[in-house]
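Quick notes on the structure that follows.
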Amino acid sequence: MSLNTDRSYKMKLRDVENAFKYRRIPYPKRSVELIALLAISCTFFLFMHTNKLNSRLKEMEVKLQPSEFSALGLTGNHISGHDAGKHDDINTLHGTYQYLKSTGQLQHLTSSAQVNNTPRAQLDTLFFNRVPKAGSQKLMALLKLLAQRNNFQARRDPKHLYETILMDTGFARHLLEAEILNCSTANSYTKHMAFLNFTEFGQPWPIYINLVRDPIERLVSWFYYARAPWYLADRVNTFGSKFKVPSLQWLKKDFNHCLLTHDPECVYEQLDMEHLDDHRRQTLFFCGQQTKFCMPFNSRSAMQQAKRNVEQHYAVVGTWEDTNTTLRVLEAYIPRYFAGATDLYYAMPSNMENVNRNAFRPALSEQARALLSRNLTQEIEFYQFVRQRLNKQFIAVQQMAQSSNN
């Protein structure tokens, strides 16, 4: 281990110890074991991560080639490193534009109701049923700032040891009446939960929004996030003895090895009905509360229902992998809540860029990535669908702006 790595390890260990000492976090009964596990975890992930620091820099900003496309102002969008250079891919902004133009859809885009669901909302509530590990903490922080600027209340559910993603009818009805709809002024409400059909409960529809993320990146992110020392310390601080400290063997797992050796934690079996706790199903958050229909992993039927719900009920589903596009569309389609979002976002503290990000994350091997791609076909298709829809919304906004200027 290099001198710098050793110093970083000591700093991380000292941070964990100080968290217990100065934040008055009560030492659990197994405090010695916990600190030992955290120390070993830090050492392990620091060692594996030193060769990947440069590859985890801030996402590249790709400028598209000048054309009639750039005349609409459709340049300078953020895309992920895996998509860099794929300007003709339909999942990129440029690719979506070229596809719409070649199929004759471009001229009808601004008048199409499918790209703007906000007017269909029946109450002044912004409902963010956030997907885990898709950057929701960053959007929640932005909503707090926007609430002050645009005069609304930014609300969220209380912290719980276990998230209630799927719920029975009684629980859902209580949540609607006691939490989501229990506000008489303009407000936003945020919670980890699968899509809820408000009509089935005889309730008016809010303005639905959400974020998505590359399915493979989400899986890997969650795997190491759940093992992050600061995450474990925070869970102990918040929930005390109710939180079961993981074993040392579990903490030391490497995702590549876990996947390629068919460790039960990393087996992504088609139509599997288990493993709700590792959030492998991004589509579940858009499919709905029907367990038998929406829970089967990588189900095509569930994925298609998720697409329909996005088309019919979501004002905007964005992604931080397309940061500028997401912010522009939110501002244009939901101005009551997101006016000034871009300026506030870039004025936010720089550390918000890495909120809830685990720095101790080894690189995913190409073999592992290829295997995941085969096992996540429906999840990937849904993610690509959402990005294409977001691009369509952005292009429609730019076309309308150009028309008004002319």
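The values are calculated or read from the model by the stated rules, or taken from the named source; none is laboratory data. It should be emphasised that the depicted structure is a prediction, and the values quoted were computed from it without experimental measurement. Reconstructed Cβ throughout: ideal geometry from the backbone, glycine too, with neighbour counts over all protein chains shown. Note: accessible area is taken over every heavy atom of the protein model, side chains too, but ligands, DNA and RNA are not part of it. Shrake-Rupley method; radii C 1.70, N 1.55, O 1.52, S 1.80 Å.
log₁₀ I(q)/I(0) of the range 286-406 at q = 0.09 Å⁻¹, via Debye over equal Cα point scatterers, no solvent, to two decimals?
-0.37
Calculate, for the range 273-406, the solvent-accessible area per residue in square angstrom, rolling a 1.4 angstrom probe over the heavy atoms of the protein chains.
39
So, taking all protein chains as they sit and a 1.4 Å probe, how much accessible area belongs to Leu123, in Å² rounded to tens?
Counting only protein heavy atoms, Leu123 exposes about 40 Å² to solvent.
Between Gln270 and Gln148, what is the label-to-label distance in nm when each label sits 7 Å out along the Cα-to-Cβ direction?
The modelled label-to-label distance comes out at 5.2 nm.
Collect residues whose amide H, placed 1.01 Å from N in the peptide plane, falls under 5 Å from the amide H of Leu126; neighbours closer than 5 in sequence don't count.
Asn187, Ser188, Tyr189, Ile207
Can you work out ³J(HN,Hα) from phi for every residue in the range 238-244, in order, using Karplus 6.51 cos²θ - 1.76 cosθ + 1.60 and θ = phi - 60°, giving whole Hz and x for Gly and Pro?
7, 10, x, 5, 5, 8, 7
On the accessible surface of the range 112-269, probed at 1.4 Å, how many percent belong to carbon and sulfur atoms?
50
Apply the Karplus curve 6.51 cos²θ - 1.76 cosθ + 1.60, θ = phi - 60°, to the phi angles in the range 277-291 and return the couplings in whole Hz, x for Gly and Pro.
With coefficients 6.51, -1.76 and 1.60, one gets 6, 9, 6, 6, 9, 5, 5, 4, 6, 10, 6, x, 8, 7, 4 Hz.
Once neighbouring chains are kept in place and the probe is 1.4 Å, which whole percent of the accessible area of the range 280-406 is contributed by carbon and sulfur?
In the range 280-406, the share of accessible area belonging to carbon and sulfur is 50 percent.
Per residue, how much accessible area does the range 149-267 show when a 1.4 Å probe rolls over the protein heavy atoms, in square angstrom?
For the range 149-267, the per-residue accessible area is 45 Å².
What fraction, in whole percent, of alpha-carbon pairs in the range 223-363 exceed 18 Å separation?
71
For the range 140-200, I need the span (max minus min coordinate) of the C-alpha atoms along each principal axis, in Å, sorted largest to smallest.
Extents along the principal axes, in whole Å: 37, 27, 17.
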